[in-house]
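Colleague: Take a look at this one; I'll ask things after.
The values are calculated or read from the model by the stated rules, or taken from the named source; none is laboratory data. Please read these numbers as outputs of a predicted model, since none were measured by experiment. Don't worry about glycine lacking a Cβ; one is built from the backbone with ideal geometry, like all the others, and counts go over all protein chains shown. For accessibility, only protein heavy atoms count, side chains too; no ligands or nucleic acids. Shrake-Rupley method; radii C 1.70, N 1.55, O 1.52, S 1.80 Å.
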Amino acid sequence: MTLAVDRPATQSRPPRPGPIRRLKDSYRKYWYAYAMIAPVVVVLGVLVGYPLARGFYLTLTDANSLNSARTIGVNHIDATYQFIGLDNYADILWGPASYDRFWSHFIWTVVWTAVCVALHYVIGLGLALLLDEKMRGRTLYRLLLILPWAVPTFVTVFAWRIMLADSGIINATLGSLHLPQPQWLEDPTFQRIAAILVNTWCGVPFMMISLLGGLQSIDSSLYEAAEMDGANAWQRFRHITLPGLRSVSSTVVLLGVIWTFNQFAIIFLLFGNTAPDAQILVTWAYRLGFGQQPRDFAQSAAYGVLLLSILTVFTTFYYRWLKRNEQLAV
């Protein structure tokens, strides 16, 4: 005998409302939040969105200072530049002078970023470890070491430019020790070394303060337990300090890469439009757009778009690499 079992009829889901209806419902429910963020959205759109869109449009043209709209006296001259598509990108990346105009500066920018960020992190971590120890005058040391970051960048760079001059204090000291006196601001190799030196001086304090905060957030009982188990200083540093600083380190390294990759002020204030071999991509883009005649607005804007694309790709892969390492660590 077969028993019939009554089953409740499956309830069909109501149809999902369309995007316009969802937007209306969201606005009706969260209208106050929309009203609060509206001024920020408008300001960001004016200050960031429009220049970015305008710059991208210029990359698709042959705009320069000779064919752009301009006013001379009472006469207004209309723009005559034309739409050329992706020709600017092709010329920058694969053109006959692509190595001298882009790839050589790209390679130097990557080397500059990697060396500077590595020096920032290593020196900053070493100073943070010293300042985390109990010592007399620790507050004074912290104040002195953070001064290079607190002083305005242009003051620091001009001071270094005076010291790096041929008759500056650095060469005078080297001469008194009977050591070679490099031409820091003229020789291409020493120009790059000088740029790294100045940027390291300016960037170490931020890294030091950030890592010092991370060190102070690590539970001290972990060190006590490790010491009781017989772990030496290197083992405690490797298995407690570095893992404890992982989250802070990942953030400050990412910020350091972005800031250093786009570090315009130090290179420009140290060398101006001279020293073509020491120019990184961002200063070279400025030179194309404002440091030559005629000013090549289209190519300068194309460099800006390429810079944004490079940093976006790097940030994406960097976060994926961090997430994968965190999963392996768990």
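Colleague: Having 3 or more residues that are modelled with pLDDT of 75 or more and of a type in the set (V, I, T) is the bar; report the helices (runs of 4 or more DSSP H) wholly within segment 1-60 that clear it. First the steps, then the outcome.
Modeller: On the way: elements: 19-29, 31-44, 50-59.
Correct list: 31-44.
Colleague: For residues that are over 26 Å from the mean Cα position of the chain (by Cα) and either open to solvent by 80 Å² or more (accessible area, probe 1.4 Å) or small (G, A, S) (or both), tally how many sit in segment 45-69.
Modeller: Adding up the residues that qualify gives 5.
Colleague: Among (1) touching a residue at least 12 places away in the same chain (Cβ under 8 Å); (2) more than 30 Å from I193 (Cβ to Cβ); (3) in a helix (DSSP H, G or I), where does R320 come up short?
Modeller: R320 satisfies every listed condition except (1).
Colleague: Could you figure out which of (1) under 29 Å from the mean Cα position of the chain (by Cα); (2) of a type in the set (A, V, I, L, M); (3) assigned to a helix (DSSP H, G or I) isn't true of I170?
Modeller: Against the list (1) under 29 Å from the mean Cα position of the chain (by Cα); (2) of a type in the set (A, V, I, L, M); (3) assigned to a helix (DSSP H, G or I), I170 comes up short only on (1).
Colleague: Would you check if I123 is closer than 30 Å to Y223 by Cα, within 29 Å of the chain's Cα centre (by Cα) and open to solvent by 30 Å² or more (accessible area, probe 1.4 Å)?
Modeller: Details: closer than 30 Å to Y223 by Cα: yes; within 29 Å of the chain's Cα centre (by Cα): yes; open to solvent by 30 Å² or more (accessible area, probe 1.4 Å): yes.
So I123 fits the description; yes.
Colleague: Determine the pairs where a residue that is in contact (Cβ under 8 Å) with a residue 60 or more places away in the chain, located within segment 167-188, has a partner that is acidic (D, E) with Cβ atoms under 9 Å apart, the partner being 6 or more residues away or on another chain.
Modeller: L185/D166; P188/D277
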